[in-house]
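Reading through the structure tokens given below for one structure.
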Amino acid sequence: MNSLFPSSYEASRARFIQDVESLRARWAESRLETHPLKVDPSLSIDWLWAEPQKKEKLVIVSTAQHGIEGYVGSAMLKVFMDEFAPSIDPEKAGLLLVHTINPWGMKHNRKVNENGVDLNRNFILNGVFDKSINPDFSKLRQFLAPEYPARSFSIESLFFAGRTIKALITEGASSLTRAALLGQYLTPRAMYYGGEHHEEQTKVTINLLREALKKYQTVIHLDMHSGYGPRYLMSLTVFPLEPLTSAELSAKFNYPLVLRGDHEEFYATNGDMTGYLYELRSTEFPDKQVFATAFEFGTYGESLLARIRSLRTMVFESQLHWHGAVDKLTEAKIRHEFQELYFPAEEKWREKALADCRQAFEGILAAYRIL
């Protein structure tokens, strides 16, 4: 298997710290900083600032906002550090490389943090976490957040299929998508829960984003994700506040699949990190230039059946965490499905993900004249 993909959080962190040293000498000012988590100080958010004397452009690469997605993100960060960072002129651009925003989630193979919060629904600019933001979730709450132990996988899947068909008929596909993916602030023991306040990891990241905008005229943020979209073609997803269209960005970056994060092209989210960067720029740093995108490495695929399977995997994993399962076989099956949703074992998938990532890095860095 490809050695770029780490086997554990600890292995990923150790590799990052080692690789940092090879980059630090090239920049006039560089430092490795760390933030140990309160819940477990052996887990930490680590980042490298590599800064030129003339602070005009900054490239941010971040990983594992959704913890389990950090295994794919770690491989992509390694590619950036090995193959692209050495070609960046240290007089032209600085780097902010963030390893594992959600180390607890990566360590424990969960998407959320230790409080059950999806950090990519936790970046609320005004700090007001509105429980009524997702009325579709409220209508489908019993379906999306079952409160009993998972029964045998086949039986649970059969009942899930029936409930899905009913939801599609009564509420429609768009309402079901919004209910599941927008983010919700009502039910802590359910998927895509956005929390009641900024989480510890969110506060650390916000401070980094604010420092970046204070120092640099142009900030380019590349955030690594996995799980949604075509299986063998990574999507670049951008926040609706980005002024260029998807087609314009695709041409600019010479990359085939760019999607706007809305109901028409991808799916809308509330409280996501890339959106926060645009909103922060607009409210506090209007003279600065920002481009932020998520590298979304699809896994199950984008057909209706694939999306239903993805939803089933998310619902079952949350159900398993909060309410358990009737037997070890069901638990193992749910955990395997969850792993495949965010970190597929197939070598073909991993090689194509790496190729897509390289193409996107090349295109974006060239477009901003950083390479």
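In table form, for the structure just shown:
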| item | result |
| --- | --- |
| Of all residues in the range 298-326 being outside any helix (DSSP H, G or I) and modelled with pLDDT of 95 or more, the one that is farthest from residue 225 (Cα to Cα) | 326 |
| Test: residue in the range 191-200 that is in a loop (DSSP other than H, G, I, E, B), touching a helix residue (DSSP H, G or I) at 6+ places or on another chain (Cβ under 7 Å) and within 29 Å of residue 346 (Cβ to Cβ) | yes |
| Filter result (of a type in the set (A, V, I, L, M, F, W, C) and in contact with a Ser or Thr (Cβ under 8 Å, 6 or more places away or on another chain)) within the range 321-352 | 326, 329, 334, 338, 341, 343, 349 |
| Any hit, the range 149-167, residues being touching a residue at least 12 places away in the same chain (Cβ under 8 Å) and farther than 29 Å from residue 333 by Cβ | no |
| Residue in the range 152-159 that is surrounded by 15 or more Cβ atoms within 10 Å (Cβ to Cβ), out of contact with any strand residue (DSSP E or B) (no Cβ under 8 Å at 6 or more places or on another chain), outside the structural domain of residue 314 (by TED's automatic domain parsing) and more than 24 Å from residue 279 (Cα to Cα) present | no |
| Test: residue in the range 57-77 that is surrounded by 13 or more Cβ atoms within 10 Å (Cβ to Cβ), farther than 30 Å from residue 114 by Cβ and either not assigned by TED's automatic domain parsing to the domain that holds residue 116 or not hydrophobic (A, V, I, L, M, F, W, C) (or both) | yes |
| Output for the range 135-155, where each listed residue is part of a loop (DSSP other than H, G, I, E, B), farther than 14 Å from residue 172 by Cβ and either in contact with a Gly (Cβ under 9 Å, 6 or more places away or on another chain) or not acidic (Asp, Glu) (or both) | 145, 146, 148, 149, 151, 152 |
| Residue in the range 318-330 that is under 18 Å from the mean Cα position of the chain (by Cα) and touching a residue at least 40 places away in the same chain (Cβ under 8 Å) present | yes |
| Residue in the range 184-201 that is surrounded by the fewest Cβ atoms within 10 Å (Cβ to Cβ), counting only those that are in contact with an Asp or Glu (Cβ under 9 Å, 6 or more places away or on another chain) and under 17 Å from residue 316 (Cα atoms) | 189 |
| Test: residue in the range 92-99 that is under 13 Å from the mean Cα position of the chain (by Cα) and either under 20 Å from residue 198 (Cβ atoms) or without any contact (Cβ under 8 Å) to a residue 60 or more places away in the chain (or both) | yes |
| Qualifying position, being charged (D, E, K, R), modelled with pLDDT of 95 or more, part of a helix (DSSP H, G or I) and not assigned by TED's automatic domain parsing to the domain that holds residue 80, among 333, 352 | 333 |
| Criterion violated by residue 175 - all others in (1) in the same structural domain as residue 320 (by TED's automatic domain parsing); (2) surrounded by fewer than 17 Cβ atoms within 10 Å (Cβ to Cβ) satisfied | (2) |
| Test: residue in the range 284-307 that is closer than 27 Å to residue 132 by Cα, surrounded by 15 or more Cβ atoms within 10 Å (Cβ to Cβ) and more than 16 Å from the chain's Cα centre (by Cα) | yes |
| Residue list for the range 81-115, restricted to those being part of a loop (DSSP other than H, G, I, E, B), charged (D, E, K, R), modelled with pLDDT of 95 or more and over 20 Å from residue 227 (Cβ atoms) | 114 |
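The values are calculated or read from the model by the stated rules, or taken from the named source; none is laboratory data. Every value quoted in this text rests on a predicted model; they were computed, and no experiment measured them. All Cβ positions, even for glycine, are placed from backbone atoms using ideal geometry, and neighbour counts span all protein chains on display.
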